[in-house]
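One structure is given here, and the rest of the page talks about it.
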Amino acid sequence: MKKIRWGIIATGAIASKFAQACRFECDRSGISELYAVASRDEVKSLNFANTWNIPVSYASYEELLADPEVDVVYIATPHSMHAPLSYSALQSGKAVLCEKPVSLHRDELEPVIALARQKKLFFMEAMWMKFNPSFQTALKWALSGKIGFLRYIRSDFCFSAQFNPVDRLFDPALGGGALLDVGIYPVTLAHMFSGGKKPSSISAIMRNGPTGVDIWNKAVLSWDSGVFADLSSSISIHGGAALRSALIVGEQGSILLPDFWMAQRAVLLNTEGLELAVAEAPFECNGYEYEIREVEHCLLGGKIESSVQTWSDSIMVMEILDQIRKVAAT
Ligand SMILES: NC(=O)c1ccc[n+]([C@@H]2O[C@H](COP(=O)([O-])OP(=O)(O)OC[C@H]3O[C@@H](n4cnc5c(N)ncnc54)[C@H](OP(=O)(O)O)[C@@H]3O)[C@@H](O)[C@H]2O)c1
């Protein structure tokens, strides 16, 4: 059977983690082949290829997209390039796994999804959190009634980055800011646990840093079911583990996910906060192997959309992020 040939676009921090997981998966299952990498810089591309044992390296993203041997591309550039590159990759006939957030705004995402649908090509936002086994366990607990009727979600993703106006985190031209970079995780968690419906109300505040992007934000979302979510994210505050967790509260108990976006442990609590069950699930590699398996599963099954990270999930989350920015600005 022909292997699925991956091409990686960009050689930054997350591209390296992804390459490590992809190398692990290729060696483990043999379903895929880590075939090509592209960087804007020839030397970086070669070094990356040597590090991860990738046979082909390109000195531009366009060259990789023009290579007919590439089946699926993983896009790991700054945010502002996600939708344009996804569009170009689909136009070149490639399946796409694109880093989060998959666009800057909802409006920018819709033509990408329309093109995937028209060309019958797989497209998915790399929301790896959803595929992690501990996250899946927490979701199963909630859906099977272990915590009773859902009432409240609290989730924070705060860390403090060294300020650098030209870093992708702080540069508005690259789509910087806490909400787009890490706030997407609490919003995605709340969207998923609340049942994937549109919130009935959103209130939010934001604090912008010197470059004009948000360095801290807080949003409260509520749904017609009565559930509400209290979410925050920051790239300038580090509150340790307390500001990196998710608590999903029902009428009969709650679920705690420490470091929820990369959870390797889910804890089921009773209404007094006492532990009822702990599910430990250490990553087999570094956690990115599970989203890679989902892409493989979809491509082998001829699916153009994941049933775990759907197109409408990405659209709804982008719409919520748009709305948070809008109400915070008023
Ligand atoms: N899923 C996760 O857990 C996770 C974790 C971290 C980040 N991310 C996402 O992954 C993406 C990349 O994040 P990262 O932390 O890997 O960033 P990074 O280390 O800064 O790498 C970004 C890469 O994008 C390329 N690039 C193209 N145009 C650029 C420009 N104008 N300025 C800077 N870099 C440019 C560069 O690769 P070349 O020079 O090789 O072209 C660069 O190495 C972001 O969307 C981020 O939100 C996801």
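Every read-out reported here was derived from the displayed coordinates using simple, explicitly stated rules and does not represent laboratory data. All values derive from a computational prediction rather than experimental measurement. Note: ideal-geometry Cβ built from the backbone for every residue, glycine included; neighbour counts use all protein chains shown.
List every residue whose amide H lies under 5 Å from the amide H of A277, counting only residues 5 or more places away in sequence or on a different chain, with H placed 1.01 Å from N in the peptide plane.
The answer is L268.
May I ask you to derive the relative contact order of the chain, considering only C-alpha pairs under 8 Å and at least 6 residues apart, and to give it as an integer percent?
19
Output ³J(HN,Hα) for the stretch 208-221: one whole-Hz value per residue in order, computed from phi by the Karplus curve 6.51 cos²θ - 1.76 cosθ + 1.60 with θ = phi - 60°, and x for Gly and Pro.
Per-residue couplings from phi come out as 8, x, x, 8, x, 8, 6, 10, 7, 8, 9, 9, 10, 10 Hz.
Output the 0 to 90 degree angle, nearest 10, between the alpha-carbon long axis of helix 13-29 and the longest principal axis computed from the alpha carbons of the chain.
On a 0 to 90 degree scale, this one is about 80.
Roughly how many nanometres apart are two label points built 7 Å out from the Cα toward the Cβ at A161 and D27?
Between A161 and D27, the simple spin-label model gives 3.1 nm.
Restricting attention to the alpha-carbon atoms of the chain, what are Rg (one decimal) and Dmax (integer), both in Å?
Every Cα atom of the chain included, Rg and Dmax give 19.6, 58 Å.
In straight Cα distance, which lysines are under 26 Å from K326, not counting same-chain residues fewer than 8 positions off?
K100, K197, K198, K218
Order 223-234, 5-16, 43-54, 93-104 from most to least packed using the mean count of other Cβ atoms within 10 Å.
93-104, 5-16, 223-234, 43-54
Full-extension gain between S307 and K198, please, as 0.36 nm times their residue separation minus the C-alpha to C-alpha distance.
37.4 nm
Just how far, in whole angstrom, is the stretch 190-258 from the stretch 70-136 if you go by their alpha carbon centroids?
Result: 24 Å between the Cα centres.
Just grab the label-to-label distance for K140 and R117, each label 7 Å out from Cα along the Cβ direction, in nm (one decimal).
Output for this residue pair reads 3.3 nm.
In deg cm²/dmol, rounded to 500, what helix-only [θ] at 222 nm does the chain give when every DSSP H run of at least 4 residues adds -39500 (n - 2.57) and the total is split over its residues?
Working: 9 runs with 109 residues, N = 330.
Result for the chain: -10500 deg cm²/dmol, rounded to the nearest 500.
Applying the Karplus parametrisation 6.51 cos²θ - 1.76 cosθ + 1.60 with θ = phi - 60° to the phi angles of the stretch 49-59, what ³J(HN,Hα) value in whole Hz is obtained for each residue in order, glycine and proline being reported as x?
Going residue by residue, I get 4, 5, 4, 9, 6, 10, x, 10, 10, 10, 9 Hz, with x marking Gly and Pro.
At q = 0.10, 0.21 Å⁻¹, what is the base-10 log of I(q)/I(0) for the stretch 133-282 according to the Debye formula with one equal point scatterer per Cα and no solvent? Please give it to two decimals.
-0.36, -1.23
Figure the gain on full extension for Y152 and C285 (residue separation times 0.36 nm, minus the Cα-Cα span) and round it to one decimal in nm.
44.6 nm
Hey, can you grab everything whose amide H is under 5 Å from the amide H of E33? Only 5+ residues off in sequence or another chain; H modelled, so Pro and N-termini drop out.
Amide H to amide H, under 5 Å and 5 or more residues apart or across chains, E33 pairs with I4, R5, W6.
Work out the charge dipole of the stretch 133-282 with +1 on the Cβ of Lys and Arg and -1 on the Cβ of Asp and Glu about the Cα centre, then indicate which of L143, L256, A190 is farthest towards its positive end.
Checking the options against the dipole of the stretch 133-282, the answer is L143.
Multiply the residue separation of D224 and Q252 by 0.36 nm, subtract the distance between their alpha-carbon atoms, and state the gained length in nm to one decimal. Could you put the intermediate results ahead of the total?
Working: separation 28, 0.36 × 28 = 10.08 nm, distance 2.01 nm.
Fully extending the segment from D224 to Q252 adds 8.1 nm.
Run the reach check for K303 against lysines, Cα to Cα strictly under 19 Å, same-chain hits fewer than 8 apart removed. What comes back?
Candidates past the 8-residue exclusion: K2, K3, K94, K119, K120, K130.
Counting DSSP beta bridges in the chain, what percent are antiparallel, to the nearest 5?
55
Read phi for every residue in the stretch 35-40 and hand back ³J(HN,Hα) as whole Hz from Karplus 6.51 cos²θ - 1.76 cosθ + 1.60, θ = phi - 60°, with x for Gly and Pro.
The phi angles translate into 9, 9, 9, 9, 9, 6 Hz.
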